[in-house]
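Peer 1: Can you read through this structure? Questions will come right after.
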Amino acid sequence: MKKTLLPLLLLLLIGCDQTQQVSPRQQTATPVEVATVSRSPLIAHRILTGSLQAVSTVRIFNEEVGRITNLPYYQGDAVEKDAIIASIDDSLIQAELKKAEANLKQAKVNVKRINSLYRKKLASEDELARTRTIFETTSAEVSLLQTRLSHTQIKAPFSGIISERLKETGDVVPVHSHILTIFDPAEIKIVVPVSELLLSNIKTNDTVQVRIDALGEKQYPATIKRIFPTIDPQTRKGRMEIQLKTIPDGARPGQLCRVTVDTQTTARRNIPFAAIRHDSQGEFVFRVTPDNKVESVRVQTGILLGNQMEILEGLEIDDRIVVKGFIGLRDGKEIVPVEPKAISSSSAD
């Protein structure tokens, strides 16, 4: 009886050893979340910063030298179109104009008199020509002085608000001095720098959202009106001009604003950004082999848009890579690809 039980006990022990050899190997496989390398357009959600600017801003200069006799408007004052916003002393020009007008009257009389004599053949053709030349020259001088006189009264080119007052009443200003600055608050634009990588995917008339920091969290719709044709070779950025559809109350030139732009780029080879690892040699990922083992692969990355990273070199389309569960991973490590929800928080790196 004892001889019969001994072989049975040996068989049971061998069976237990075989079970123990399989179970530990199964337990060493690490559960990880994997993703597949794909080629697809990347959605860019970018917030660009800029400043509000008036569409129409005019610096007011004088065209006549002289003393400022009237400068009634100050910073923040509203002015109407054609309102007189500055006056220059015109007494000298007025005197010169009166003299020129008197000379013009005399020249007109002379032309009439010489013309009458010429018809009677009592004056030569040369005398008539000289008299007419004097009349035309005097007439031009009067016209010139009238124009100069009009320049002593500086008018607002449009209805707007005074933003700068650089001179005061009584100042003697040389010609072409900057006196005032006026802007039109009815039209406000935003000029923002844009990466060259996004410019090709932005078009005029695209709608964007604008938030003005000084006015709170509200978003205001706006339209891309103009895309500048050049790119700064130092920053690799271009510029675009955005115009608000309606001007919110309290909006002023110079205020900081944030422009939200959603664009779709051309198709690029990409992977989740979470898959990228770093060491002293650079960037790498863990690629999953057909037998569910991992190997580290060096990669060259491109642009990051959202949570997706462009891959320039190192991976091919449909390669599987690890995106979560990196603790303990090394080359040759056996893994179990699982769905994201199946990975415990303790496995996440």
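The values are calculated or read from the model by the stated rules, or taken from the named source; none is laboratory data. Everything quoted here is computed from the prediction, not taken from an experiment. A quick note on method: Cβ atoms are made from the backbone with ideal geometry, for glycine too, and the neighbour counts reach across all protein chains shown.
Peer 1: So which strands (runs of 3 or more DSSP E) stay within the range 36-113 end to end and still have 3 or more residues that are over 33 Å from the mean Cα position of the chain (by Cα)?
Peer 2: Qualifying strands (runs of 3 or more DSSP E): 66-70, 84-88.
Peer 1: Which one is surrounded by the most Cβ atoms within 10 Å (Cβ to Cβ), of the residues in the range 230-256 that are closer than 22 Å to residue 305 by Cα and touching a residue at least 40 places away in the same chain (Cβ under 8 Å)?
Peer 2: Going through the qualifying residues, I end up with 240.
Peer 1: Return yes or no: is residue 272 of a type outside the set (Asp, Glu), at pLDDT 90 or above and over 19 Å from residue 224 (Cα atoms)? Quick ask: steps written out before the conclusion?
Peer 2: Working: of a type outside the set (Asp, Glu): yes; at pLDDT 90 or above: yes; over 19 Å from residue 224 (Cα atoms): yes.
It is true that residue 272 is of a type outside the set (Asp, Glu), at pLDDT 90 or above and over 19 Å from residue 224 (Cα atoms).
Peer 1: If the Cβ limit is 7 Å and pairs must be 6+ apart or interchain, which residue in the range 84-106 that is over 22 Å from residue 178 (Cα atoms) pairs with which residue that is polar (S, T, N, Q)?
Peer 2: 97/146; 100/138; 103/138; 104/138; 104/139
Peer 1: Sort through 124, 51 and tell me the only one that's surrounded by 12 or more Cβ atoms within 10 Å (Cβ to Cβ) and either within 30 Å of residue 208 (Cα to Cα) or in contact (Cβ under 8 Å) with a residue 60 or more places away in the chain (or both).
Peer 2: 51
Peer 1: Modelled with pLDDT under 90 and not in a strand (DSSP E or B), is that true of residue 263?
Peer 2: Judged against the criteria, residue 263 is not a match.
Peer 1: Could you please find all residues in the range 167-186 being within 30 Å of residue 52 (Cα to Cα) and exposed (fewer than 14 other Cβ atoms within 10 Å of the Cβ)?
Peer 2: The answer is 168, 176, 178, 186.
Peer 1: Of (1) crowded, with 18+ Cβ neighbours inside 10 Å; (2) not assigned by TED's automatic domain parsing to the domain that holds residue 97, residue 131 satisfies all except one. Which?
Peer 2: Against the list (1) crowded, with 18+ Cβ neighbours inside 10 Å; (2) not assigned by TED's automatic domain parsing to the domain that holds residue 97, residue 131 comes up short only on (2).
Peer 1: Considering only the range 298-314, state which residues are loosely packed, with under 14 Cβ neighbours inside 10 Å and of a type outside the set (Lys, Arg).
Peer 2: 300, 306, 307, 312, 313
Peer 1: Got at least one residue in the range 147-159 being free of Cβ contacts under 8 Å to residues at least 40 places away in the same chain and either within 30 Å of residue 304 (Cα to Cα) or outside any loop (DSSP other than H, G, I, E, B) (or both)?
Peer 2: Yes, there is a match, as at least one residue in the range 147-159 is free of Cβ contacts under 8 Å to residues at least 40 places away in the same chain and either within 30 Å of residue 304 (Cα to Cα) or outside any loop (DSSP other than H, G, I, E, B) (or both).
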